[in-house]
1. Quick one: in region 6-35, of everything that is of a type in the set (G, A, S), modelled with pLDDT of 90 or more and surrounded by 12 or more Cβ atoms within 10 Å (Cβ to Cβ), which residue is nearest to A55 (Cα to Cα)?
2. Within region 39-77, take every residue that is under 19 Å from L24 (Cα atoms) and not in a helix (DSSP H, G or I) and give me the one that is modelled with the lowest pLDDT.
Amino acid sequence: MSFVRKSLGNVLLSIGGVVLVAALGAWQFYVFVTFPDAQGGTIHLWLAIGAALVACVAGFFVFSVFLRYDRDDEMHITSSPAR
């Protein structure tokens with residue numbers, strides 16, 4: 001993935017997406033706790049759990065990409081010289 005350039009727009013979009021999914025999960029959990037019988041019950045709990053899992057996995061991948069920001073700029077001792 002070295003050909004993919006990171007820009008500020010992509011960074012903000014990915015963080016915003018993770019925050020949006022986490023907010024959706026929190027809202028579904030709020031609906032489950034506040035209206036347990038009126039609006040479907042446990043489906044909101046499962047949606048909240050699913051959104052939390054998606055947010056955690058996406059956050060892990062976004063964070064792991066941030067940690068590799070200069071991986072392509074490394075020069076190893078055993079690498080051949082550039083020609």
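The values are calculated or read from the model by the stated rules, or taken from the named source; none is laboratory data. Bear in mind the structure is a predicted one, so any value in this text is a computation, not a measurement. Every residue, glycine among them, receives a Cβ derived from its backbone with ideal geometry; neighbour counts consider all protein chains shown.
1. A22
2. Of everything passing the filter in region 39-77, Q39 is modelled with the lowest pLDDT.
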